[in-house]
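Working notes, beginning with the structure itself.
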Amino acid sequence: DKNLQIEYSRKFSKDKYIESLYSLYFFENDSPFQSLIHSLKYKGNFRVGELLGSKIYYHNKDKLVSLNIDFIIPAPLHHIKRALRGYNQSFYIAKQLGKLLNIPCNTKIVKRISNKESQTSFNLEQRKKNIKNAFSVINPNLITNKNLLLVDDIITTGATLNECAKTLKEAAECKIYVISSGIPTLTY
């Protein structure tokens, strides 16, 4: 899709940490899709995550199979934020996607080591600064020469996933692909 290629170019191609970007939906504020995401992210409606994981699978199955993914990794939350929220919303999307693709969903590859401010009100430059050095790879040998799929609920600027991918690439030779349930267009 041309719009997705534009978003990939705007968010990820310059840094060259992420091979390609896939997304289920483009969305706007106050849309029904945003309500669905908020239901998952803030109200603990885990079935929304499973639904989105299934929809991602059915809309991208051939592309995803062709990537020969070794591990699916949900975008990591810091343990304090996960404890406060009670869960990682991206995990439920990633878990369902992994189940349907028969690929392990692994939460023990990369972790978020700093609990920074929420990025929701930051612009791109503020997000990049806020997220810098926020991740650590737990076992680099596990991902050496592997194909990894990072899964997030929403990609706004891409700063979080770009920093996570950078950390993974610095730890080991690997290929990183990104998929999300939604991405806004032309917001940053």
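The values are calculated or read from the model by the stated rules, or taken from the named source; none is laboratory data. Keep in mind that this is a model prediction, so the values were computed, not measured. Don't worry about glycine lacking a Cβ; one is built from the backbone with ideal geometry, like all the others, and counts go over all protein chains shown. For accessibility, only protein heavy atoms count, side chains too; no ligands or nucleic acids. Shrake-Rupley method; radii C 1.70, N 1.55, O 1.52, S 1.80 Å.
In this rough spin-label picture, where each label sits 7 Å from Cα along the Cβ direction, the Phe26-Ser54 distance is 2.7 nm. When the residues Ile155, Ile6 are ordered by accessible surface, computed with a 1.4 Å probe over the protein chains alone, the sequence from largest down reads Ile6, Ile155.
Would you work out if the chain is rounded, prolate or oblate? Take a ≥ b ≥ c from the square roots of the eigenvalues of the alpha-carbon gyration tensor; rounded if a/c is under 1.5, else prolate when a/b is larger than b/c, oblate otherwise. Verdict is rounded for the chain.
Computed with every protein chain present, the accessible area of His78 is close to 20 Å² [probe 1.4 Å]. Comparing Ile131, Ile113, Ile154 in a Gaussian network model of the chain, where Cα atoms under 10 Å apart are tied by springs, the biggest mean-square fluctuation is seen for Ile113.
The alpha-carbon of Lys81 sits under 20 angstrom from the alpha-carbons of these lysines, leaving out residues fewer than 8 places away in its chain: Lys41, Lys43, Lys95, Lys108, Lys111, Lys116, Lys128, Lys129, Lys132.
Exposed loop sites are taken as GluC sites (Glu not before Pro) in a DSSP loop (any state but H, G, I, E or B) with at most 14 other beta carbon atoms within 10 Å; the longest stretch of the chain without one runs 29-116. Full extension of the chain between Ala83 and Asn145 yields a length gain of 19.1 nm, computed as 0.36 nm times the residue separation minus the alpha carbon distance. Take the convex hull of the alpha carbons in segment 53-107; its mean projected area over all directions comes to 3.7 nm².
Using Cα pairs under 8 angstrom and six or more residues apart, how large is the relative contact order of the chain, in percent?
Details: 326 pairs, mean separation 56.1, N = 188.
In percent, rounded to a whole number, it is 30.
Compared with the direct C-alpha span, the chain from Asn102 to Leu4 gains 32.7 nm at full extension, assuming 0.36 nm per residue.
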